[in-house]
Structure formats: C-alpha cells, structure tokens
Amino acid sequence: MTNMFCPGRALRHPGMPKAILYGVLVFVLYRSALSRLLFLDWGRDDYSHCALIPFVFLYLLWEKRRQLEAAEPSPSGAGFLPLAGGIGLFWLGELGGDFFSLYLSLWLVLVGLLWIHLGWRMVRTMGFALLIMPTMFPLPGFLDARLLLELKLASSRLGVAMLQAAGVSAHREGNVIDLGCTQLQVVDACSGMRYVLPLMVLSLLMAHWCRAEPWKKAALVATAVPLAILINSLRIAATGILSGLRGSQAAEGFFHGFSGGLIFLFALPVLLLVMRLLNRIARAGTGNPTAKVPRSGTTREVKAWAGEGTSFMRSLAQPVFVAAVVLLSATIALSHGVRFDEEVPLTIPFARFPSELGEWTGVRQAMEARFIEALHPSDSLMLACRNDAGREVFFSAVYYGSQRKGEAVHSPETCLPGSGWEVRASGTASIDKGNGKRMQVSRAVIAKNGSVQLVYFWFPQRGRILTSLYQVKLSAFRDALVRHRTDGALVRIVTPVYGGEDSGAADKRLIGFVKIMNPVLEKHLPR
C-alpha cells in the first residue's frame with residue numbers, strides 16, 4: 001500500500017481497477033440500505049454524529065499508514081468466511097425486512113474483501129479502524145427503544161433526587177416529573193441518547209490512543225454512559241428549578257438547546273482527565289504505538305492486489321478476485337431478478353370486520369396519519385370495545401401483504417414505553433385462542449399517573465402465532481425462500497386495570513375477549 005495515501009498515486013495504483021469494480025458492486029447491492037443510512041438515519045438527531053465516522057475511519061487508516069506500507073500482503077481465502085457471512089446477513093435483511101442486518105452485512109463484506117486481498121496481518125493492523133466502522137450504523141429498533149427508555153428513566157430518577165436534595169418538591173411517574181406548578185416530560189430529546197452514543201465513540205478513540213492495560217481502557221469507555229446520565233440529570237434538575245422560578249417556558253427554547261450542548265462542555269474535560277490519569281498509571285515501558293516503521297518497497301503490494309504477475313489482465317484473472325466478483329454479482333442478480341415475496345391480500349378486508357363480538361360492542365377508530373406514515377401497513381383495524389358491564393378493551397391489528405425493508409411489523413415493545421408509561425411487568429402467557437387450542441402471546445403491565453393497563457400482543461404470520469420480532473424475521477426469511485411469501489400481521493389488545501380489581505381480573509377479561517375475537521380475525525388473515 002505504498003503511497004496509497006497520496007490521492008494522485010492512489011489513482012494509478014495497480015489495485016485501483018479492482019477497488020472500483022468492488023465499489024460499484026457493493027453500491028448496487030446495498031443501494032437501498034445506503035440511501036436509508038444517508039438520507040434518513042443520519043438525519044435523526046440521535047445519530048447525526050454517525051456521518052462523521054467515515055472520516056474517523058479514514059484518519060485511523062492514515063495514522064497506520066507506515067505500518068500498512070511496511071506490512072507483507074498475503075491474499076487469503078479465509079476472507080471468504082466473513083464475506084459469506086455478510087452475504088447471509090444480506091439475505092436475512094433483504095427477505096426479513098431488517099435494515100440493521102443489511103448494515104452489518106455491508107461491514108462484513110468490506111472486511112471480507114480486504115482480508116481476501118491483503119491478508120490477516122494487514123487486516124489486523126487496520127483492526128481498530130474496522131471495529132469503529134459499525135458505530136456509524138443506528139442501533140436496531142428494539143435495542144434503540146430499550147436503551148432510550150432506560151436512559152430516560154435513569155435521568156428522571158437521578159434528576160428528581162437532585163431536585164429533592166435542593167428542596168424542590170418533585171414526584172416522578174415514569175418519565176414525567178411533577179413539580180406541582182408544572183410537569184416536565186423527559187422525552188427522547190432529553191434522554192441523553194444523542195450524547196451517550198457520541199461520547200462512547202469519543203471514549204473508544206481515547207482508549208485507542210491511551211497507552212494502558214486493557215482493563216483501564218475498558219474503564220475509560222465505561223465512563224461515558226454514567227457520565228452522560230449524570231450530566232443530563234443535572235440538566236433536568238436545573239430545568240426543574242428554573243421552571244419553578246420562571247414557569248414552563250424555562251424548559252423550552254434557548255435554554256433547552258443550550259443546556260444540551262453543555263453536556264459536551266462538561267463531559268469532555270472529565271473524559272480527558274480520566275485518560276490522563278490512566279496514562280500516568282500505565283505500565284512503564286509501553287511502546288509508542290505511533291513509532292515509525294521502516295518503509296518497504298511496492299512490489300509485494302502490487303502482487304497482493306494484482307496477482308503474481310504485473311500484467312493488468314493477469315491481475316483481473318486472480319482466482320480470489322474472480323470468485324469474489326462472481327459471488328457479489330450472483331447476489332445482485334438474484335436480489336433484483338427473483339421475486340421472493342409475492343403480495344398476499346387479506347382473505348377478507350378489515351373494513352368488513354364486525355363491530356359486534358358477543359357481549360362486546362365496538363366503535364371503529366381511524367389510525368392517525370403519523371402512524372400510517374411510519375408503519376406503511378397494507379390494511380389496519382382499530383376498535384374501542386365495551387361490554388355490558390362497562391369494561392373496555394382496545395383492539396388493533398395491522399396487516400402487511402408483503403414485509404419489505406422499511407415496511408414490516410414492529411414490536412409494541414418499542415412504542416409502549418412513552419408519554420410517561422412505565423413497564424411494570426412483561427413476559428408471555430399461554431391463552432385459549434378460541435377454538436380449544438392454545439397460543440403464546442406477549443404480555444405487559446404498564447402504568448402512568450396511577451393508571452394501570454394490561455397489554456397482550458402477538459404476530460400472526462402465515463398460519464403461525466409468534467411472540468418475538470426475532471422469530472418474525474427468521475420466519476419471513478424462511479418463507480420467502482420456500483413459499484415466496486412474507487405477509488404477516490400484528491395484533492394488540494389493551495384493557496385498563498380498574499380500581500378494585502387486580503391484573504388477574506384484567507387477564508380474565510382479555511382472555512374472554514380473545515376467545516370471541518380471534519376466530520373471527522383468523523377468517524380475515526390468509527394462511
């Protein structure tokens with residue numbers, strides 16, 4: 001890789017035709033994923049820092065330029081292991097409708113191609129730069145929502161403790177803080193998520209440059225999360241105090257945005273201090289990671305990229321290169337030329353779903369436009385049902401004729417905790433599905449401001465009842481290959497836990513509703 005960091009000479013590098021061809025194939029293969037990453041995911045406030053990671057990656061490679069120039073390239077067929085793993089994840093993401101699988105697939109494919117042509121030693125030299133690359137991808141939805149919830153609750157708890165320590169009367173219910181005169185809601189923008197992730201990336205970089213034992217580097221990285229929560233809690237406490245003095249407008253506008261930037265002003269010096277302390281107590285005699293390495297000639301690298309000969313045609317005939325190109329091209333041809341998921345309509349449209357279900361009388365409701373834009377269902381149904389005793393059950397179902405990337409069922413676990421709701425219990429339950437047979441459903445108890453609700457949800461998928469989003473993705477992947485179908489639905493029912501009753505009574509009510517409703521619903525869903 002001699003002189004590869006000089007743009008002019010890099011363009012004349014013997015391996016450049018291969019790199020260009022690989023770049024074209026990878027772009028075509030991951031065009032939809034790259035489009036979403038660039039124009040949607042990186043536009044989200046929580047992940048806006050991800051757009052800087054490619055530049056960080058290039059800098060880390062430049063930092064290792066002398067070691068890379070001096071290394072002995074050794075093309076290796078072992079690189080086909082991560083390449084094949086990446087292709088497998090591509091099909092899981094493509095057929096299962098999961099963008100995170102596509103992002104990881106892209107990373108593995110790039111690692112595999114580098115390993116094939118440069119060998120393990122050079123890939124190991126690039127190790128940290130390659131490991132930092134996945135931080136430019138957003139977290140999967142379920143993990144993002146769970147982490148977001150935990151950060152909101154942690155910041156809320158600590159913020160309330162600080163307010164109470166300062167003599168301010170404050171009460172927390174979920175992520176809503178009641179100050180008496182006003183209420184503060186610790187929403188996603190105040191969760192600290194958009195500060196934790198970039199701080200973790202910064203701490204990773206600092207640990208990389210910090211000459212210390214691995215456990216000390218791990219301690220530096222681990223500092224980022226509690227530090228962000230602590231400073232964000234201080235921000236919440238300060239907002240609460242100002243709200244008591246000047247009203248709710250203190251929690252909005254300039255102060256809200258400015259106080260968010262203060263997190264970095266306080267966090268960076270603390271991380272630098274921790275890094276300095278770790279450097280001081282590091283073991284003596286640690287080598288300089290940036291020490292100069294003698295340069296070597298260019299002949300070995302030309303052989304690594306172009307094969308044993310120096311002929312341009314012989315370089316393109318290198319067996320590992322041909323095999324990699326054939327594998328990528330075949331994947332492109334199959335993904336664009338074969339229809340794996342035929343659109344399957346509902347057997348009976350939801351518009352014909354009855355409003356009378358035994359003792360239950362339902363009032364049809366319209367799904368909000370923002371949910372339709374986010375979910376993109378083929379059809380949807382929402383009923384607010386009431387029985388003769390005045391008890392209520394809220395029933396909703398969304399159906400997808402074909403679950404594609406960006407248009408697939410999501411788990412209510414990612415949206416149940418919000419607007420002050422807190423999950424008190426979650427798990428699964430085995431209930432009668434209405435025909436004498438039993439089925440597993442996901443069960444959750446949520447609470448807010450003294451109100452408690454019981455939630456059941458499950459995923460009817462082509463004759464199967466699933467409870468996990470992992471099962472949904474794997475099932476869609478398998479059925480796309482075997483049955484050329486990926487249709488599926490999400491069903492959710494909710495009932496309040498009324499005063500004077502426990503969750504057992506609410507369970508009995510939902511189970512009774514399911515026994516009446518589910519046989520009717522199954523007539524609408526294709527099997």
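A few notes on this one:
- Sole residue being polar (S, T, N, Q), at pLDDT 75 or above and closer than 28 Å to SER335 by Cβ, chosen from SER105, SER203, SER155: SER105
- Among the residues listed as ALA51, ALA70, the single one being more than 21 Å from the chain's Cα centre (by Cα) and of a type in the set (A, V, I, L, M): ALA70
- In segment 430-476, the residues that are part of a strand (DSSP E or B), in contact (Cβ under 8 Å) with a residue 24 or more places away in the chain and farther than 30 Å from PHE100 by Cα: ILE431, ASP432, ALA447, LYS448, SER451, VAL452, GLN453, LEU454
- Test: residue in segment 460-471 that is under 20 Å from PRO354 (Cα atoms) and crowded, with 22+ Cβ neighbours inside 10 Å: yes
- Members of segment 339-361 found to be more than 17 Å from VAL398 (Cα to Cα), over 26 Å from the mean Cα position of the chain (by Cα) and not aromatic (Phe, Trp, Tyr), listed by number: ARG339, GLU342, GLU356, LEU357, GLY358, GLU359, THR361
- The requirement of being of a type outside the set (Lys, Arg), crowded, with 19+ Cβ neighbours inside 10 Å and modelled with pLDDT under 95 is not satisfied by GLY500.
- Residues within segment 124-158 that are under 11 Å from the mean Cα position of the chain (by Cα) and in a loop (DSSP other than H, G, I, E, B), tallied: 4
- Some residue of segment 248-255 being modelled with pLDDT under 85 and within 22 Å of MET133 (Cα to Cα): no
One line per residue, one yes/no per condition, for (1) modelled with pLDDT of 75 or more; (2) of a type outside the set (A, V, I, L, M); (3) within 25 Å of LEU25 (Cα to Cα):
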{"residue": "GLY97", "(1), (2), (3)": "yes, yes, yes"}
{"residue": "PHE100", "(1), (2), (3)": "yes, yes, yes"}
{"residue": "LEU118", "(1), (2), (3)": "yes, no, yes"}
{"residue": "PHE128", "(1), (2), (3)": "yes, yes, no"}
{"residue": "PHE137", "(1), (2), (3)": "yes, yes, yes"}
{"residue": "LEU184", "(1), (2), (3)": "no, no, no"}
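- In segment 278-286, the count of residues that are hydrophobic (A, V, I, L, M, F, W, C), surrounded by 11 or more Cβ atoms within 10 Å (Cβ to Cβ) and either modelled with pLDDT of 75 or more or more than 30 Å from GLY79 (Cα to Cα) (or both) is one or more.
The values are calculated or read from the model by the stated rules, or taken from the named source; none is laboratory data. Since we're looking at a predicted model, the values are computed, not measured. With ideal geometry, Cβ positions are generated from the backbone for all residues, glycine too; neighbour counts draw on all protein chains shown.
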